[in-house]
Amino acid sequence: MIAVIRTRVNGKSKKLCDLDLMKFTENQVRQRMYERGIEEDAFFICSITDWNVDRIFSLREVYVLKQAVEELYDGDSTVVAYLLNQGRSIYFIATHYYKFLSKDEVEAMIKVIGQVDSDKLLVTFYKTGSWVNFVSQYLRAGYLLQIEDRYYVDVS
């Protein structure tokens with residue numbers, strides 16, 4: 001989780017450093033900023049380069065993301081980075097958990113629809129008109145994620 005940290009002074013921003021936030025606690029970063037004379041409201045994170053995310057974050061927000069990676073996804077940032085790149089909010093990421101289902105689309109859909117009433121399932125499939133549209137409906141709704149060749153389901 002390589003964050004690009006910038007400082008803000010008199011309306012201008014300047015790159016301070018790239019920092020691997022997985023190696024430091026939030027308090028360690030705050031303390032180092034304090035030691036350098038940089039106030040909390042004078043620095044921000046403008047991107048997370050290894051996740052290909054260009055977005056403004058506060059220090060607190062990136063540590064919420066770090067906590068999600070560590071506690072929900074056992075150190076794997078794939079889902080969190082994907083959700084950020086899809087424009088999901090920090091709140092959404094913190095309140096949703098996606099569980100790995102399968103690398104196979106059919107197997108993933110069998111697991112997803114296994115708990116759906118068969119009448120509702122048939123109506124939904126009929127309305128979508130094809131397998132591709134049927135799967136896409138779950139993907140668009142955010143209930144199912146397809147990241148590379150892996151499928152995840154929202155279990156929150």
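If you scan the range 49-82, which residues turn out to be farther than 19 Å from residue 29 by Cβ and in contact (Cβ under 8 Å) with a residue 60 or more places away in the chain? Answer for the range 49-82, where residues must be farther than 19 Å from residue 29 by Cβ and in contact (Cβ under 8 Å) with a residue 60 or more places away in the chain: 78, 79, 82. In the set (1) surrounded by 13 or more Cβ atoms within 10 Å (Cβ to Cβ); (2) out of contact with any helix residue (DSSP H, G or I) (no Cβ under 8 Å at 6 or more places or on another chain); (3) within 25 Å of residue 54 (Cβ to Cβ), residue 77 fails one condition alone, (2).
Residue 44 meets each of the listed conditions (1) out of contact with any helix residue (DSSP H, G or I) (no Cβ under 7 Å at 6 or more places or on another chain); (2) crowded, with 17+ Cβ neighbours inside 10 Å; (3) within 27 Å of residue 99 (Cα to Cα) apart from (3). Screening residue 51 against (1) closer than 20 Å to residue 81 by Cα; (2) loosely packed, with under 14 Cβ neighbours inside 10 Å leaves a single unmet condition, (2).
Evaluate the following for residue 112: is it over 22 Å from residue 22 (Cβ atoms), free of Cβ contacts under 8 Å to residues at least 12 places away in the same chain and either in contact with a Phe, Trp or Tyr (Cβ under 9 Å, 6 or more places away or on another chain) or not aromatic (Phe, Trp, Tyr) (or both)? Against the criterion (over 22 Å from residue 22 (Cβ atoms), free of Cβ contacts under 8 Å to residues at least 12 places away in the same chain and either in contact with a Phe, Trp or Tyr (Cβ under 9 Å, 6 or more places away or on another chain) or not aromatic (Phe, Trp, Tyr) (or both)), residue 112 does not qualify. Is it true that residue 60 is surrounded by fewer than 14 Cβ atoms within 10 Å (Cβ to Cβ), basic (Lys, Arg) and under 28 Å from residue 22 (Cβ atoms)? Judged against the criteria, residue 60 is a match. Residues of the range 89-119 that are among the acidic types (Asp, Glu) and in contact with a strand residue (DSSP E or B) (Cβ under 9 Å, 6 or more places away or on another chain): 104, 105, 107.
Against the test of being closer than 24 Å to residue 76 by Cβ and either basic (Lys, Arg) or open to solvent by 80 Å² or more (accessible area, probe 1.4 Å) (or both), the options 100, 92 yield a single qualifying residue, 100.
Condition first: in contact (Cβ under 8 Å) with a residue 40 or more places away in the chain and assigned to a helix (DSSP H, G or I). Can you find one or more residues in the range 143-155 that meet it? No, that holds for no residue.
Determine whether residue 106 is closer than 18 Å to residue 136 by Cα and part of a loop (DSSP other than H, G, I, E, B).
On the way: closer than 18 Å to residue 136 by Cα: yes; part of a loop (DSSP other than H, G, I, E, B): no.
When the stated conditions are applied, residue 106 does not pass them.
Among the residues of this structure, residue 135 does not count as one that is surrounded by fewer than 14 Cβ atoms within 10 Å (Cβ to Cβ) and modelled with pLDDT under 95. Counted as qualifying within the range 1-97 are the helices (runs of 4 or more DSSP H) with 3 or more residues that are within 26 Å of residue 147 (Cα to Cα), namely 59-67, 78-85, 90-95.
The values are calculated or read from the model by the stated rules, or taken from the named source; none is laboratory data. This one's a predicted model, so the numbers in the text were calculated from it and none came from an experiment. Neighbour counts are summed over all protein chains in view; Cβ atoms, including those assigned to glycine, are modelled from backbone coordinates with ideal geometry. With ligands, DNA and RNA removed, areas are computed over all heavy atoms of the protein, side chains included. Shrake-Rupley method; radii C 1.70, N 1.55, O 1.52, S 1.80 Å.
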